[in-house]
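Scroll down for the structure; my scribbles are underneath it.
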Amino acid sequence: MKTQITKQHINVVGVQPQIAHNQDRVKKQSLTTLAIFFAILVTTTLYATQGMAQNTSLRFASTSGQLSTTGGSWSEITGLVFNIPAAPLGGPATTALVTLNVPAPYATGTNTPGGCFGITVNYSVQTTIACFTYDSTAPQSYGRKPTTLVVAVPLQNYNSQRIAAVWYSVRNSTVMMDTASTLSAVIAPLP
């Protein structure tokens, strides 16, 4: 009986190194496959990022000094204007993501003061606008009302487009900007 157990034990021990060797080979193959996968992923990501960067452009304008308006209809904000290019011929559909950032505007007045901001494309105000007003008819303090507006503008074939920021006062108030405000556009093909 002892002899049979010893022979079985020797047979089992003799098989174990071969199994361990096969497991090591499978681990190495798995690691190699994983490394190849990550190399392809990184290469593809870099290629796509480079292609996107080559097809992406920026436009930027900013204000300087103090600006104000009392007008009740749209007027351009001095300094916040630029042109976006025509769409690339034969290329993918391209859009400009236009952002107006007015970090610290305020309005003064005695009839619930406020202001509205918009973006024009070739002198036409886009439907999306941004506004602020105060909570009381005659505020004791005219706190700052940070305002940001984002509009997507499709590029047109053959024609550049004029982009400008506009504003007006609400209920005869005076809208003030005494910090730099910006108008920017990121122009890129649609995904």
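Summing charges over neighbours of Ala96, with a neighbour being any other residue whose Cβ is under 15 Å away from its Cβ, gives +2 when K and R count +1 and D and E count -1. In a fully extended conformation the segment linking Thr148 and Ala180 would gain 10.2 nm over its present Cα-Cα distance, using 0.36 nm per residue. Peptide packing: for 150-157, 175-182, the average count of neighbouring Cβ atoms within 10 Å per residue gives the ranking 175-182, 150-157, highest mean first.
Rounded, prolate or oblate for the stretch 82-191? Axes are the square roots of the Cα gyration tensor eigenvalues, ordered a ≥ b ≥ c, and the cut-off for rounded is a/c under 1.5. It comes out prolate by the Cα gyration axes.
None of the figures in this text is laboratory data; all of them are computed from the coordinates on show. As the structure is a computational prediction, the values presented were derived from the model and not from experiment. Methodologically, a virtual Cβ is constructed for each residue, glycine included, from the backbone with ideal geometry; neighbour enumeration extends over all protein chains shown.
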